[in-house]
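**Student:** The structure is given below, and queries will be raised subsequently.
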Amino acid sequence: MAGTFFKMSLLSLLLVLLPPPSLFYSLKNCTADFYDRTVIDCGHSHLTTVPSHIPKSATLINLVSNQIETIKQTDLRGFTQLQTLKLGNNHISLIEDGAFMDLSSLTHLNLAVNHLSSLTDNTFKGLSNLVTLDLSLNEFQNISKFAFEPLKSLQEVYMSFVPVDMINIISHTPSIRILSVETESFEADVFPFPLLNLTMLQLGSFPLKKFSVHGNVLPQLEYLILSTNHHEVEWDVPNKAVLKSLKRLELSFKKMTTESYLSILQSVDSVEFLELTTFGNPFDQSVMDAACSIPSLQKLKITYRNITMINDTYLRACSNLTELGFYSNALSELSECSLRMMTRLKRLNIESNGLTRIPTTIRNLSTITHLSFLSNHITKLQCSDFLNLPLLEELNLNYNKISKFKNCVLKDLKNIRVLYLKHNAFSTLDESFRSSFPYLVDFSAEDNYLRLVHKGTFNKMLYLTDLNIKSKSATNVENGTFEGLLNLRHLSFSQTYQSGGIISGLEHLESLVVFITSNKETVVSNPVTLNLSSLQKLTVEVDRNVCVDQALYNLHNMTNLQVFSLETICCDIPTHTFLETPHLQKLKITNCVDFSPDLDLFKTISELKFLDLSHNKIQSLSFFSRANLTKLEQLILRNNELQIINETIFEALPSLKYLDLSENPFACDCSNAEFIIWAIKNKQVQVVNGFQYRCSSPLSLDGQFLLDFKVQLCWEETSFLCFLFSSGLVLFTLLSSFIYHFMRWQLAYGFYLLQAFLYDSKKKRQGKPSLYDAFVSYNCHDEDWVYRELVPELEERRGWKLCLHHRDFQPGKPIIENITDAIYRSRKTLCVISRHYLQSEWCSREIQMASFRLFDEKRDVLILLFLEELSSNQLSPFYRIRKLVRSHTYLSWNQARGNKALFWEKLQKALENGNNPAGNPNRHAANV
């Protein structure tokens with residue numbers, strides 16, 4: 001009890017003496033990145049000011065999506081190592097001059113989506129090394145002419161609307177390479193300095209009305225993006241040589257006229273990648289002809305157009321293209337000859353359109369290598385759909401409605417390496433796949449409704465390395481389905497739970513994902529043994545209909561397994577589960593409602609560094625005490641039922657650096673006081689979002705923050721109890737010292753008195769007569785006198801029967817019992833007192849007991865015989881003897897040396913006082 005009081009007092013004192021929170025790893029409203037603790041995330045935390053407790057050693061601070069209105073001069077003082085500052089999506093309307101003065105190392109600054117209206121000469125003072133500045137989506141009305149002058153290293157600028165008369169301020173940063181800005185007019189010739197290093201220019205979203213470049217002011221421009229909702233742009237580029245370095249051009253116009261398109265497209269000769277995006281009517285044929293007439297054009301991307309059909313002539317000028325893409329259009333048909341002229345085409349992407357079948361126009365495109373029809377409405381594949389595509393390596397049919405494959409569909413695609421059939425309507429994979437893809441490397445049929453996967457489906461896919469057939473429904477995978485796939489490295493599949501060795505023969509498998517499914521409620525009780533010595537990552541997901549009452553898999557000989565993830569509703573994980581996975585480093589067991597690990601479950605995986613036990617209804621962490629997780633660095637325990645945390649558990653995790661206890665029903669009372677102090681004080685473990693943990697009990701504190709609980713209240717209560725305890729201890733010590741010094745002999749006497757009382761009560765109940773006339777109490781140093789003078793006189797001459805301890809004590813019996821027996825079986829007790837007698841512990845006990853009998857029986861049963869003269873001072877430590885001497889007559893041998901006969905007569909009379917001992921006839925004979 002005293003130890004607990006002391007510990008609580010010490011912890012409370014430490015709380016008072018804690019250093020500033022900036023030294024902690026557990027930050028209020030912020031978290032530090034596990035891999036780099038100088039990266040601080042305070043985003044989405046409802047902050048109204050920049051937190052003062054952020055460590056000055058931070059290299060990245062994320063403050064996006066808060067409610068900060070002002071950046072003060074003092075907010076960012078001392079952050080000399082800060083490299084990235086994200087302040088986007090706040091309410092910032094004012095940045096005080098000099099606010100960034102200490103940020104000499106800052107390279108990236110994000111101030112997008114705020115309410116800034118002006119920039120002064122000193123807004124960016126101190127940012128000499130800034131490389132990227134994002135000011136987009138603000139409300140600028142006034143920008144100082146020299147606002148960007150301190151930004152000597154600036155290379156990237158992103159701004160929303162900038163008035164025409166202010167845009168030339170950007171040229172004060174000659175090193176700029178990327179510029180994204182909204183303005184009505186861009187006239188490069190009026191800039192005071194040419195943008196000699198500019199490689200990318202984006203002018204968009206605002207009604208751009210004019211683009212003017214005359215001289216060689218943009219010699220390095222390679223990428224140009226123009227976006228406007230205005231119906232016409234004045235394109236003032238007098239000759240093609242002005243934009244001779246331009247390689248990529250994106251035009252995003254809502255209502256642009258054909259004339260504007262033509263004026264732009266006919267003035268660029270070096271463009272290799274052209275992207276056309278619009279929401280208006282389909283492009284005029286002349287626009288497509290102009291686009292594809294650019295002699296250097298290789299890639300054409302058309303997005304968000306209202307195009308429903310491509311006829312034979314629409315792409316007639318595009319024969320030199322190597323890549324063509326139609327994205328998010330309304331395409332439902334391509335004419336049979338629409339692509340036949342594209343003899344150099346390698347990649348064709350028709351994604352997020354309305355195709356219901358594979359267009360016939362792709363047949364005989366002998367140069368095509370990559371083909372994607374992702375997110376269309378294709379329901380059926382014909383045998384002739386992919387004829388004469390000998391170089392096709394990748395086919396993407398994800399997110400369609402295909403339900404069946406025929407053997408003949410892909411029979412001619414001998415070089416296909418990648419096939420994606422994700423999210424279609426397949427219900428079975430059978431023999432149609434057996435001979436179609438001999439060189440297939442990557443095959444995915446994920447998110448279909450597979451009910452059956454036949455044995456032999458993948459028999460001839462000898463080069464397959466990645467296979468994903470994870471299904472949305474209960475799937476029966478036949479035993480031997482994966483036999484022969486010697487090169488398989490990554491496998492994901494679903495199965496209706498069954499015993500058997502469906503994963504046998506995959507000695508080189510490195511990653512395995514298994515989804516256990518069932519159409520009805522199922523209890524798994526027969527585990528499958530996995531013997532995959534090369535496996536490094538294993539993920540097991542269990543459907544809600546399946547309850548696992550034993551280990552789902554026996555992890556046999558998995559010496560290379562490093563990552564294991566189990567997600568199940570109910571599970572029983574035996575102690576031996578990880579016995580053969582000694583190198584496991586990441587373990588995740590989640591959504592197990594009855595998870596109660598054995599104390600030795602983790603004992604064999606001492607290499608573990610990451611452990612996630614979220615959503616398991618765990619109520620206690622006591623199982624960590626014997627876990628042997630000395631290398632564990634990250635521990636996630638989100639959404640459990642932890643109310644009280646014993647911080648001493650973490651002493652068994654000496655390498656722990658990251659602890660997440662979010663969404664637990666904490667108790668805000670003194671039982672968590674030590675954890676609260678530990679969470680704030682420790683400098684090794686980051687308690688992630690610790691300052692957002694809320695209380696669930698007691699009801700009066702429901703919803704309050706756990707770390708705001710006033711542990712001082714516990715300290716005050718404990719201090720009061722400690723005061724009472726310590727005061728009582730002091731009083732007890734003083735009283736004990738007083739009693740020992742002044743009353744120790746009285747206490748000793750009382751103790752012997754109690755012993756005698758108990759013995760006397762016992763003897764009275766027994767009713768036994770006295771056996772001796774007197775018990776002689778003497779010290780061994782006086783034994784010579786007793787046997788030379790006393791015994792001959794009293795026993796031999798006068799016939800008294802004496803009890804002598806050297807002669808009459810029963811061997812083997814405790815001394816104290818022999819003494820009490822001798823005193824109570826004798827009529828008298830004769831104490832032969834000398835200096836040696838007073839120093840004897842046993843003699844002291846004998847006289848104490850005899851004196852008790854004196855007072856108890858109220859008869860003179862005690863005779864004091866002094867062998868030598870003793871002063872009152874010598875008797876003062878022996879309280880009882882001194883008192884008896886003062887109140888009783890005693891005999892002195894020293895005084896009787898001249899008349900011994902008188903001495904013996906007095907002793908005779910003292911012995912005669914009282915009844916004779918029963919059965920002692922010798923006594924009368926002696927007196928005759």
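**Student:** Among 684-692, 362-370, how do they line up by average Cβ neighbours within 10 Å per residue, starting with the highest?
**Tutor:** Working: 684-692: 20.0, 362-370: 17.7.
Peptide ranking by packing, descending: 684-692, 362-370.
**Student:** May I pose another question? Under the definition of Cα pairs under 8 Å and six or more residues apart, what whole-number percent is the relative contact order of the range 582-718? Write out the running numbers ahead of the final one.
**Tutor:** Values: 297 pairs, mean separation 24.1, N = 137.
With pairs under 8 Å counted, the relative contact order is 18 percent.
**Student:** With the cut-off at 22 Å, tell me which of the pairs 56/609; 86/152; 404/470 have Cα atoms farther apart than that.
**Tutor:** On the way: 56/609 28 Å; 86/152 20 Å; 404/470 17 Å.
As for pairs spanning more than 22 Å Cα to Cα, those are 56/609.
**Student:** Would you please give the FRET efficiency between residue 415 and residue 508, computed as 1/(1 + (r/R0)^6) with r the Cβ-Cβ distance and R0 = 25 Å, to the nearest 0.05?
**Tutor:** Values: r = 24 Å, r/R0 = 0.95.
Calculated transfer efficiency: 0.55.
**Student:** Right, something else. Enter the Cα centre distance for the pair the range 141-214 and the range 587-666, rounded to the nearest angstrom.
**Tutor:** Between the Cα centres of the range 141-214 and the range 587-666 lies a distance of 54 Å.
**Student:** Taking a cut-off of 16 Å between Cα atoms, list the lysines near residue 209, but don't count ones fewer than 8 places away on the same chain.
**Tutor:** 254, 255
**Student:** Could I ask something else about it? Any lysines with Cα under 19 Å of the residue 299 Cα? List them, leaving off those in the same chain fewer than 8 positions away.
**Tutor:** Within the straight-line cut-off, residue 299 pairs with 244, 247, 346.
**Student:** Another question, then. Provide Rg over Rh for the range 572-699; use the alpha carbon set for both Rg and the Kirkwood Rh (inverse mean inverse pair distance). Write out the running numbers ahead of the final one.
**Tutor:** Details: Rg = 14.3 Å, Rh = 15.0 Å.
When Rh is taken as the Kirkwood radius, the ratio is 0.95.
**Student:** Can you list residues from other chains, or at least 5 along the same chain, whose modelled amide H is less than 5 Å from the amide H of residue 496?
**Tutor:** For residue 496, the qualifying residues are 475, 476, 477, 517.
**Student:** Efficiency by 1/(1 + (r/R0)^6): what FRET value for residue 455 and residue 560, r their Cβ-Cβ distance, R0 = 30 Å, to the nearest 0.05? Walk me through the numbers before you get to the answer.
**Tutor:** Details: r = 28 Å, r/R0 = 0.92.
So, using R0 = 30 Å, E works out to roughly 0.60.
**Student:** Using θ = phi - 60° and the Karplus relation 6.51 cos²θ - 1.76 cosθ + 1.60, list the HN-Hα couplings for the range 771-788 in order, rounded to whole Hz, with x at every Gly or Pro.
**Tutor:** 9, 10, 6, 7, 9, 8, 9, 8, 8, 4, 5, 9, 4, 4, 5, 4, 7, 8
**Student:** Something else now. What is the distance, in nm, between label points placed 7 Å from the Cα along the Cα-to-Cβ direction at residue 140 and at residue 439?
**Tutor:** For residue 140 paired with residue 439, the spin-label model returns 5.4 nm.
**Student:** Under unit Cβ charges (Lys, Arg +1; Asp, Glu -1), what dipole magnitude, rounded to 20 debye, does the range 600-660 have relative to its Cα centre? Before the final figure, lay out each step's value.
**Tutor:** Working: 7 positive and 8 negative charges, 20 e Å.
Roughly 100 debye for the range 600-660.
**Student:** Take peptides 487-493, 901-907 and line them up by average Cβ neighbours within 10 Å, highest first, as a rough protection proxy.
**Tutor:** Numbers: 487-493: 19.4, 901-907: 14.9.
In descending order of packing, they fall as 487-493, 901-907.
**Student:** Now a separate question. At 7 Å along Cα-to-Cβ for each site, give me the label-to-label distance between residue 704 and residue 606 in nm.
**Tutor:** 4.5
**Student:** In straight Cα distance, which lysines are under 21 Å from residue 801, not counting same-chain residues fewer than 8 positions off?
**Tutor:** The qualifying lysines are 763, 768, 828, 900, 906, 909.
**Student:** Still on this structure, please answer the following. In nm, what is the difference between 0.36 nm times the number of residues separating residue 620 and residue 38 and their Cα-Cα distance?
**Tutor:** Details: separation 582, 0.36 × 582 = 209.52 nm, distance 3.22 nm.
Value of the extension gain: 206.3 nm.
**Student:** Also, quick follow-up: If I model a spin label as a point 7 Å beyond the Cα along the Cα-Cβ vector, how far apart are those points for residue 586 and residue 404 in nm?
**Tutor:** 4.2
**Student:** Please give the contour-minus-distance gain from residue 337 to residue 93: 0.36 nm per residue of separation, less the Cα-Cα distance, rounded to one decimal in nm.
**Tutor:** On the way: separation 244, 0.36 × 244 = 87.84 nm, distance 5.84 nm.
Separation in residues times 0.36 nm, less the Cα-Cα distance, equals 82.0 nm.
**Student:** Enter the accessible area of residue 617 (Å², nearest 10), with the probe set to 1.4 Å and all protein chains included.
**Tutor:** Around 110 Å² of this residue is reachable by solvent.
The values are calculated or read from the model by the stated rules, or taken from the named source; none is laboratory data. Computed from a prediction, not measured in an experiment: that's the story for all the values here. Neighbour counts are summed over all protein chains in view; Cβ atoms, including those assigned to glycine, are modelled from backbone coordinates with ideal geometry. Keep in mind that these areas ignore ligands, DNA and RNA; they rest on the heavy atoms of the full protein, side chains included. Shrake-Rupley method; radii C 1.70, N 1.55, O 1.52, S 1.80 Å.
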